[in-house]
1. Somewhere in the range 445-454, is a residue touching a His at 6+ places or on another chain (Cβ under 7 Å) and of a type outside the set (Asp, Glu)?
2. Kindly check whether there is at least one residue in the range 410-428 that is basic (Lys, Arg), buried (at least 21 other Cβ atoms within 10 Å of the Cβ) and assigned to a strand (DSSP E or B).
3. Counting just the residues of the range 29-48 that are over 19 Å from residue 151 (Cβ atoms) and among the hydrophobic types (A, V, I, L, M, F, W, C), which one comes out surrounded by the most Cβ atoms within 10 Å (Cβ to Cβ)?
4. Go through (1) of a type outside the set (Asp, Glu); (2) under 27 Å from the mean Cα position of the chain (by Cα); (3) at pLDDT 90 or above; (4) farther than 24 Å from residue 290 by Cα and name the single condition residue 40 misses.
5. Looking for whichever is free of Cβ contacts under 8 Å to residues at least 24 places away in the same chain, more than 16 Å from residue 348 (Cβ to Cβ), assigned by TED's automatic domain parsing to the domain that holds residue 419 and hydrophobic (A, V, I, L, M, F, W, C) here; the options are 488, 518, 447, 472. Which one fits?
6. Among the numbered criteria (1) touching a Lys or Arg at 6+ places or on another chain (Cβ under 7 Å); (2) surrounded by fewer than 21 Cβ atoms within 10 Å (Cβ to Cβ), which one does residue 114 miss?
7. Return yes when residue 374 is among the polar types (S, T, N, Q), out of contact with any Leu (no Cβ under 6 Å at 6 or more places or on another chain) and either in a loop (DSSP other than H, G, I, E, B) or at pLDDT 95 or above (or both) and no when it is not.
8. Quick one: how many residues across the range 43-72 are in contact (Cβ under 8 Å) with a residue 60 or more places away in the chain, touching a helix residue (DSSP H, G or I) at 6+ places or on another chain (Cβ under 8 Å) and not polar (S, T, N, Q)?
Amino acid sequence: MSTLAPRHWVRGLRQAWAKLPGLQGRVPDAPTLPVRDLWPGDPTRGARLVKGELERGGSVRPLLPGGWGSIGGAPPLRAYAHGFTWLRDLRALGTDAARLRARALVGEWMAGPIAEPIASQPDVIGARIAAWLGHYDFFAASADDAFRQKLMTRLVGDTRSLAAALPTEAQDARALTALKGLVAAAAALPEQAAVLTRALRFLPQEVTRQVLPDGGHIERSPAAQLVALQELTEIRALLQAAQTQPPATLGPAIERLAAGLRALRHGDGGLALFNGSKEEAGNLIDLVLSQAGRGGRAGADLRESGFHRLQAGKSLMIVDCGAPPPPGADRTAHAGTLSFELSIGRERLVVNCGGAPAAGGAWRDATRATAAHSTLIIADVSSSELRPEGLGRRPEKVEAQRQEANGAHWLEASHDGWRKPFGAIHRRRLYLAESGEDIRGEDMVEASSGQPFTLRFHLHPNVSASLQQSGAAVLLRLASGAGWQLRADGGTLGLEESIYLGGAEPRRSEQAVLTCHADGPQTVKWAITLVR
């Protein structure tokens, strides 16, 4: 019998024991200590919820009283629905209709039973506990006694179930969400204070495992990094409210995550689009960093995470030079190794397409493919094999070397993601001049036989592109009017349609495409320079 089987058996026994009638103890009439949700909601999404529409990452599903059995959609969307963090959007709307809709949805959910297994995942239970407690004054304080008693009974039951489910099997930021829920319950419900000991048993090891020494997060996703920083910041605030000393690892981990998050922001304040990320609202990121405390400059590179930040003049390049996240933490991972993004001041020029983790399988995988990133792809085969639960074949050896001199930057990187299918290595060299007005690149496919490959430069929707010099160059015009020229040597340059999923809604965009054939040069050189 594997060591995993006894662990499952013991966890199942604990959970069954936690659900036995009469073991919950006294159920309080209301939370003893107020717990406040730290993050702002979106009143626009709140208005959609009042109309019966739940929006998450560009995906929309109906959510009406009586409709808990028919939400459907991808697992992240269903988890979001049953986690109730969208209560902050109704709170942000702040109307009586929003309050009554929140109360009705919570009441119908409690009336259950809820057949959706996702609703019983530890991270979803943790999110739900924190959301109900964090918005208690908004939707429950003015409710009748029967509603409040049922809510408190469910909170106590969920707290016991969550404590019994630890340690969670999730190896990504979802484990932090589960722990946050348990800490929130212990802070707000002193009768459940014993569960705090269990939460503090697992929190330090989870923090150490997920927060890398360089300030990156194990999922290698700016979006996941933001979530992890939010969860740990909330946990620290909850422990302080409960007058409990946080683990020694928590404060330094929050500081490292905050510094790492700064390194993954563009000039417009939004996030770089790697591994399922969207831009996110700059004011939310500012708030999270403010709550994290101790400001500081963004580092030039996150060596363990594999991201490099090259900045000169008004130009900023963020490059993914790291191996994909390990199995168990690769749920949202993309096949974007050695892709880069380029922004000029507050304007994005070269981007990745972004992520759609809450969308259906085909659409989600299209955004995860190498072709949706600004990098090289061989024979239309992604550098990592995409699977529903993460990645299969993937680069095993990713190397990067960086040099700086007199304000200029050189970066050389390579990966072996195509070693098994094609016996090929991709090598990329990047140069950013000290002025920021001259960016050079060289991409090479190293293999025993020639390979067909394509180099893609996805453009932000606000960038207009036009072919010049009989197809030898592309003029890139930013919304501000500034012009940049992309030139290439070693392939055929053209323009194709693309799509941008980095914002609130999908937008049409373009991509500059450099096509190279198996019997042609296996090295291409390109440059992006300011047009004066």
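The values are calculated or read from the model by the stated rules, or taken from the named source; none is laboratory data. Everything numeric in this text was worked out from a predicted model, so none of it was measured. We place every Cβ from the backbone using ideal geometry, glycine too, and count neighbours over all the protein chains shown.
1. The answer is yes; a qualifying residue exists.
2. yes
3. 47
4. Evaluating residue 40 over (1) of a type outside the set (Asp, Glu); (2) under 27 Å from the mean Cα position of the chain (by Cα); (3) at pLDDT 90 or above; (4) farther than 24 Å from residue 290 by Cα leaves (4) as the failure.
5. Result of the check over 488, 518, 447, 472: 472.
6. (1)
7. Considered against the rule, which asks whether it is among the polar types (S, T, N, Q), out of contact with any Leu (no Cβ under 6 Å at 6 or more places or on another chain) and either in a loop (DSSP other than H, G, I, E, B) or at pLDDT 95 or above (or both), residue 374 comes out as yes.
8. 2
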